[in-house]
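Report on the structure given below.
The values are calculated or read from the model by the stated rules, or taken from the named source; none is laboratory data. Because the structure is predicted, anything quoted here is derived from the model rather than measured. Using ideal geometry, Cβ is built from the backbone for each residue, glycine included, and neighbour counts are taken over all protein chains shown. Remember, those area values only see protein heavy atoms, side chains included, never the ligands or the DNA or RNA. Shrake-Rupley method; radii C 1.70, N 1.55, O 1.52, S 1.80 Å.
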Amino acid sequence: MSDAAEKWVFGYGSLLWRPGFDFAERARALLRGYHRSFCIYSHHYRGTPENPGLVLGLNSGGDCVGNAFRIAPENWNAVKAYLDERELVTNTYIPADVEVELEDGRTVIAHTYVADPTHQQYAGNLPVRTAVEIIVAAHGSVGPNLEYLENTVLHLDEMGIVDPPLHDLMDLVRREYGEINMGAGI
């Protein structure tokens with residue numbers, strides 16, 4: 001286990017390409033017991049209450065490979081406040097401290113945000129076609145929902161991570177809507 005003074009954050013979605021905070025170390029990490037899923041209706045960043053988008057959450061079951069970020073002790077309070085403001089806009093996530101295994105074999109406790117299956121914005125496991133239709137149509141305060149999907153898949157590819165459900169979504173978008181390239185956002 002890590003030193004008690006160390007603080008870590010586990011990122012599985014937009015934190016892969018836009019952490020938005022200073023970190024002392026970034027490492028590929030495996031979280032067991034949760035999987036990455038487009039299971040949260042977005043009413044803010046990638047959609048609106050009238051036309052919700054979909055964003056990622058951690059759902060129970062399976063495994064998730066993402067990034068763990070080591071935070072210097074003197075930065076922890078600011079990083080935690082930033083992440084809470086970013087991730088808890090509508091309280092669709094539950095803050096959690098989880099055990100992750102780093103690529104080099106170390107095991108650390110990392111702070112993350114898991115989907116709240118009791119929240120009204122919890123979408124659950126939608127059919128791929130339904131998810132694509134929502135993602136293609138939605139636009140929120142930081143941009144198109146499609147941009148979020150594209151950036152996530154692009155960064156998973158860069159990290160060498162195959163996530164079949166997300167790649168299936170992206171493949172269906174490309175087949176039905178052509179290639180996209182929208183830049184990076186939240």
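Below is a table of values for the structure above.
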| read-out | value |
| --- | --- |
| Among residues of region 1-52, those that are part of a loop (DSSP other than H, G, I, E, B), open to solvent by 60 Å² or more (accessible area, probe 1.4 Å) and closer than 22 Å to Pro165 by Cα, counted | 1 |
| Complete set of residues in region 53-88 that are in contact with a Leu (Cβ under 8 Å, 6 or more places away or on another chain) and surrounded by 15 or more Cβ atoms within 10 Å (Cβ to Cβ) | Leu54, Leu58, Cys64, Val65, Gly66, Asn67, Ala68, Phe69 |
| Residue identified as of a type in the set (D, E, K, R) and within 10 Å of the chain's Cα centre (by Cα) among Arg26, Arg36 | Arg36 |
| Single residue of Asn125, Asn77, Asn91, Asn67 found to be touching a helix residue (DSSP H, G or I) at 6+ places or on another chain (Cβ under 8 Å), among the polar types (S, T, N, Q) and closer than 29 Å to Ala27 by Cα | Asn67 |
| Of all residues in region 122-162 being assigned to a loop (DSSP other than H, G, I, E, B) and without any contact (Cβ under 8 Å) to a residue 24 or more places away in the chain, the one that is farthest from Asp63 (Cα to Cα) | Pro127 |
